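**Q** Below you'll find the structure I mean.
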Amino acid sequence: MKDIENFSLASPSTHERELTLTIPSAVVSKEFELALKNVQRVASRPGFRPGKIPSNMVMNFYRAEINKKLTETLIDKSFDDACKNQELIPVSKPQIEPISEIGKEKPFTYKALFQIKPKVIVSNFEKLNIDIKKYVFSEQDISDELNSIRESQARFVEPERDIISAEDLVDCDSEVVIDGVVNPKFSHQDYSVPLFALNVPEDLRSELIGKQVGEKAMVKYTMPTEHQEPELAGKECEMLLTIKSFKERQLPLLDDEFAKDLSEQFTKLDDVKEAIKLRFTITAKRRNEYYRQEAITKALVENNPVDVPPAMIERMAMSLINRELETMKESVAQEVVKNHWQELWQSVQGRALFRAQAELLLEELIKKLNVQASDEEVAERIKKIKEISREDAAYSLQVEKVINALEQSANINVVEEPLFSQGN
């Protein structure tokens with residue numbers, strides 16, 4: 001650190017370091033002349049061509065700008081050199097406190113307070129006990145999906161009967177009565193009730209089946225005390241329905257003609273089943289790979305505690321939030337940021353800590369195990385993933401190799417989980 005005259009390092013806390021640096025007057029004078037020339041080159045005043053203003057006038061007119069540039073240059077160069085010399089990696093922007101005034105022929109002293117990347121020791125990474133979920137699906141899942149597609153192709157026709165049945169779509173006007181008074185906020189015209197739907201309450205279904213157009217039906221409800229609408233919370237409500245019309249749902253036959261109607265790529269019903277099976281297989285594979293990496297990483301973190309600086313957690317939290325916002329429409333994202341920022345911020349803190357811990361441990365294992373990514377592997381990864389940098393491609397490959405190494409040495413217990421929850 002030849003350009004630093006005096007140097008001291010303090011540790012106010014586990015993650016913080018405070019550097020006090022003095023830059024000798026000779027270095028300050030040299031950088032001062034450079035700062036003055038840079039400003040003089042572009043400075044302009046009435047009566048002078050750009051770059052032709054005398055130095056003393058430039059100092060009079062632009063002293064504050066010159067001193068600002070000089071201070072920034074001196075701090076940037078000396079701070080980086082001092083951190084490298086002490087093998088410190090800052091993870092937060094340094095808080096700078098000048099101790100002396102900046103001047104052309106004066107030494108300059110300042111303090112810098114910042115958080116550092118912790119030194120990580122990974123000692124427990126072999127023979128980890130890991131439960132890994134494996135998502136599976138059944139023939140019944142394929143059949144259920146096929147029926148769901150069939151239902152999406154249903155036709156609704158005028159029935160040749162007057163009585164409502166369980167396969168009908170009923171169109172009503174509804175009035176919701178609370179405390180004996182009709183509440184227009186929760187009452188609706190053209191209120192449709194699909195009696196064949198699983199989420200239709202049984203008492204409502206029973207009230208409508210067997211009735212005719214023009215007749216009325218009534219159901220009573222006691223609303224939950226934690227209902228999101230305060231006007232309804234804990235209230236006894238009546239819903240009065242006036243039947244306006246109904247249509248019968250007709251489902252297509254599950255045969256080869258059904259398959260052909262779905263797409264030109266299908267010639268028989270088995271083609272549809274195979275397409276569903278392929279889609280489920282891809283979904284299960286992606287989910288299994290995600291949870292495999294998650295389980296291995298979780299075991300690594302649990303067996304190697306890491307105290308993470310707040311600045312790293314904050315940076316990771318912002319990264320997670322930005323990813324979430326990118327999946328939203330711009331108007332929705334703006335509304336979330338404006339009105340729900342605090343909830344969003346709190347919701348990612350646990351994940352941010354875990355991700356920061358995992359990142360530190362994986363980086364250390366990459367060095368410890370000397371994990372490399374060849375040029376050929378990096379080039380292939382860049383081909384597969386658009387808009388990925390060479391550095392990110394190499395790092396992702398190294399992480400995958402570490403994960404694979406951890407898995408090979410681990411005690412793995414595979415736990416099968418249904419790809420679809422019961423009732424889906």
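**Q** Only one residue in Arg315, Arg287 is under 30 Å from Gln153 (Cβ atoms), in a helix (DSSP H, G or I) and among the charged types (D, E, K, R), so which one is that?
**A** Arg287 is the lone residue from the list that is under 30 Å from Gln153 (Cβ atoms), in a helix (DSSP H, G or I) and among the charged types (D, E, K, R).
**Q** Taking the residues in the stretch 341-357 that are part of a helix (DSSP H, G or I) and among the aliphatic types (A, V, I, L, M) as candidates, determine which candidate is surrounded by the fewest Cβ atoms within 10 Å (Cβ to Cβ).
**A** Leu344
**Q** Turning to a different aspect of this structure: Would you mention how many residues in the stretch 302-340 are exposed (fewer than 12 other Cβ atoms within 10 Å of the Cβ), farther than 26 Å from Ala358 by Cβ and of a type in the set (S, T, N, Q)?
**A** The qualifying residues number 2.
**Q** Going by the structure shown, is Val182 out of contact with any Phe, Trp or Tyr (no Cβ under 9 Å at 6 or more places or on another chain) and of a type outside the set (Phe, Trp, Tyr)?
**A** Considered against the rule, which asks whether it is out of contact with any Phe, Trp or Tyr (no Cβ under 9 Å at 6 or more places or on another chain) and of a type outside the set (Phe, Trp, Tyr), Val182 comes out as yes.
**Q** While we're looking at this one, here's another question. So is Glu400 closer than 18 Å to Glu289 by Cβ, touching a strand residue (DSSP E or B) at 6+ places or on another chain (Cβ under 9 Å) and not aliphatic (A, V, I, L, M) or not?
**A** no
**Q** Across the stretch 1-37, which residue is farthest from the chain's Cα centre (by Cα) among those that are more than 14 Å from Thr71 (Cα to Cα) and part of a helix (DSSP H, G or I)?
**A** Ala26
**Q** In the stretch 187-244, which residues are on the phi > 0 side of the Ramachandran plot and more than 37 Å from the chain's Cα centre (by Cα)?
**A** Selection gives Asp190, Gly210, Gly214.
**Q** Restricting to the stretch 123-170, name every residue that is β-branched (Val, Ile, Thr) and in contact with a Ser or Thr (Cβ under 8 Å, 6 or more places away or on another chain).
**A** Answer for the stretch 123-170, where residues must be β-branched (Val, Ile, Thr) and in contact with a Ser or Thr (Cβ under 8 Å, 6 or more places away or on another chain): just Val170.
**Q** Starting from the stretch 93-106, take each residue that is closer than 14 Å to Ser78 by Cα and list its partners that are of a type in the set (Gly, Ala, Ser), counting only C-beta distances under 6 angstrom and pairs at least six apart or across chains.
**A** Here the result reads Pro94/Ala112; Ile96/Ala112, each pair linking the stretch 93-106 to a residue that is of a type in the set (Gly, Ala, Ser).
**Q** For Glu160, only one of the following conditions fails: (1) without any contact (Cβ under 8 Å) to a residue 24 or more places away in the chain; (2) in a helix (DSSP H, G or I). What is its number?
**A** Of everything listed in (1) without any contact (Cβ under 8 Å) to a residue 24 or more places away in the chain; (2) in a helix (DSSP H, G or I), Glu160 misses just condition (2).
**Q** Quick check, is Ser78 in a loop (DSSP other than H, G, I, E, B) and either touching a residue at least 60 places away in the same chain (Cβ under 8 Å) or not assigned by TED's automatic domain parsing to the domain that holds Pro310 (or both)?
**A** It is false that Ser78 is in a loop (DSSP other than H, G, I, E, B) and either touching a residue at least 60 places away in the same chain (Cβ under 8 Å) or not assigned by TED's automatic domain parsing to the domain that holds Pro310 (or both).
**Q** Follow-up. Look through Gln398, Gln372 and report the one residue that is outside any loop (DSSP other than H, G, I, E, B) and either assigned by TED's automatic domain parsing to the domain that holds Lys298 or closer than 30 Å to Ile130 by Cα (or both).
**A** Gln398
**Q** Farther than 30 Å from Ala275 by Cα, in contact with a Lys or Arg (Cβ under 9 Å, 6 or more places away or on another chain), aromatic (Phe, Trp, Tyr) and not in a loop (DSSP other than H, G, I, E, B), is that true of Phe125?
**A** no
**Q** Checking Ala356 against (1) without any contact (Cβ under 8 Å) to a residue 40 or more places away in the chain; (2) out of contact with any Leu (no Cβ under 8 Å at 6 or more places or on another chain): exactly one of these is not met. Which one?
**A** Failing condition for Ala356: (1).
The values are calculated or read from the model by the stated rules, or taken from the named source; none is laboratory data. Keep in mind that this is a model prediction, so the values were computed, not measured. When we count neighbours, we look across all protein chains shown, and the Cβ atoms used for this are built from the backbone with ideal geometry, even at glycine.
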